[in-house]
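This report concerns only the one structure given below.
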Amino acid sequence: MPEKKNNEKILNKKISIGEINTLKVERDTDFGYYLTAGDFNEVLLPNIYIMEDEMPMGSLLDVFVYTDSEDRPVATTKMPYAKLGEYGYFTVVDYKSYGAFVNWGLPKDLFVPLSQQKEHFTIGKKYLLRVCFDEQIGRLFATQKIGKYFNRDMKGLHQNKELDVIVLAKTPLGYKVVADNQYEGMLFNNEIFENIKIGDRKKTYIKSVRKDFKLDLSLQPIGIKAKVDEAKNSITQLLTEADSGELLFTYKSDADEIKKVFGMSKKNFKRTLTELIESKSIILTEKSIKLP
């Protein structure tokens, strides 16, 4: 069992590259602090990240561990845009004959081997990639070839289950997404009432689990009651945030404006207004809705 200490932080049994580790400040050197895991293996936290007043000897620190230019593990208090097994929308900062380098939020850029690119990468352009680890050489890398990483075990998935997604690509039907960093899913155009672009992260709800091991997803909860409940919360929150507690919207408002401000269809907006008015949660005037 891991040992609990220092405000309930749990010391990692071993150092895991590409992940956040809780490690012990073991010793001070000219280059920085050496941090250790439960198995006594150690990793360097360079001087640039050290704040002595907040990192006394023997304390436990949460650090991210990656590999330096010589493929040696190194710790940092900075966090990357995506960790091992996660997806990110990364900008290409350099390109060589053997691969590309992308900015993932750390001092050392993340390498994308030529063999892991589905198209020619362009400096300055963004690509959706998965962070991976090469066990043979002990190096983190990114890949654009993500199909083999999708999970086909759909146990525990059910309608209306909430999943976080990152938008992968636009198609004629809508947007392909990666859900929960492991499932392939789709958001359909006719159910999207907000602006979406590749790389966006969204909260979604499962509509259906398909036989081809993909998910049909929605940005709104499934079922009329669930949709209305969420819509009611959205409208009342926006009214609360408005300086006057009033918004210039009624049943007759333009559908595009409703979509832009409230992120819902006009039909759903009108249904929600009726419930809010009947419960006396809002007041409808000739030109607006407002809090009572």
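Every number here is computed from the coordinates shown, using simple stated rules; none is lab data. Just so it is clear, the structure is predicted and the values come from calculations on it, not from any experiment. A quick note on method: Cβ atoms are made from the backbone with ideal geometry, for glycine too, and the neighbour counts reach across all protein chains shown.
Antiparallel beta bridges, as assigned by DSSP with both residues in the chain, represent about 95 percent of the total such bridges.
What is the Cα convex hull volume of the range 4-76 when expressed per residue in Å³? Walk me through the numbers before you get to the answer.
Details: hull volume 5.9 nm³, N = 73.
So the per-residue hull volume is 81 Å³.
By the Kirkwood approach, averaging reciprocal distances over each pair of separate Cα atoms, the chain gets a hydrodynamic radius of 22.5 Å. Here the spin labels are modelled as points 7 Å beyond Cα on the Cα-Cβ line, and at residue 290 and residue 19 they lie 5.6 nm apart. In percent, rounded to a whole number, the relative contact order of the range 68-107 is 36, using alpha-carbon pairs under 8 Å and six or more apart. A Gaussian network model of the chain, with springs between Cα atoms under 10 Å, assigns the largest mean-square fluctuation among 154, 51, 186 to 51.
Over the range 87-147, all Cα pairs binned in 5 Å intervals from 0 give whole-percent P(r) values of 4, 20, 35, 27, 12, 2, 0, listed from short to long. Give the relative contact order (percent, whole number) for the range 4-76; include only Cα pairs under 8 Å separated by 6+ residues. In percent, rounded to a whole number, it is 33.
Between 276, 208, 291, the Cα set farthest toward the positive side of the dipole of the range 186-292 (charges on each charged residue's Cβ, about the Cα centre) is that of 208. Please sort by residue number the trypsin sites (Lys or Arg not before Pro) in the range 3-103 whose DSSP state is loop and whose Cβ has at most 15 other Cβ atoms within 10 Å. Taking the range 3-103 and a limit of 15 other Cβ atoms within 10 Å, the loop trypsin sites (Lys or Arg not before Pro) found are 13, 14, 78.
Taking Cβ atoms as reference points and 14 Å as the exclusive limit, the residues near residue 112 contribute a net charge of +4, counting Lys and Arg as +1 and Asp and Glu as -1. The Stokes-Einstein estimate for the range 144-235, based on a Kirkwood radius over Cα pairs and taken at 4 °C with 1.567 mPa s viscosity, is a diffusion coefficient of 95 µm²/s. With the convex hull constructed from alpha-carbon coordinates only, the range 224-290 shows a mean projected area of 4.0 nm² over all directions. Where is the GNM fluctuation largest for the chain (alpha-carbon springs, 10 angstrom cutoff): 207, 280, 227? In the Gaussian network model the winner is 280.
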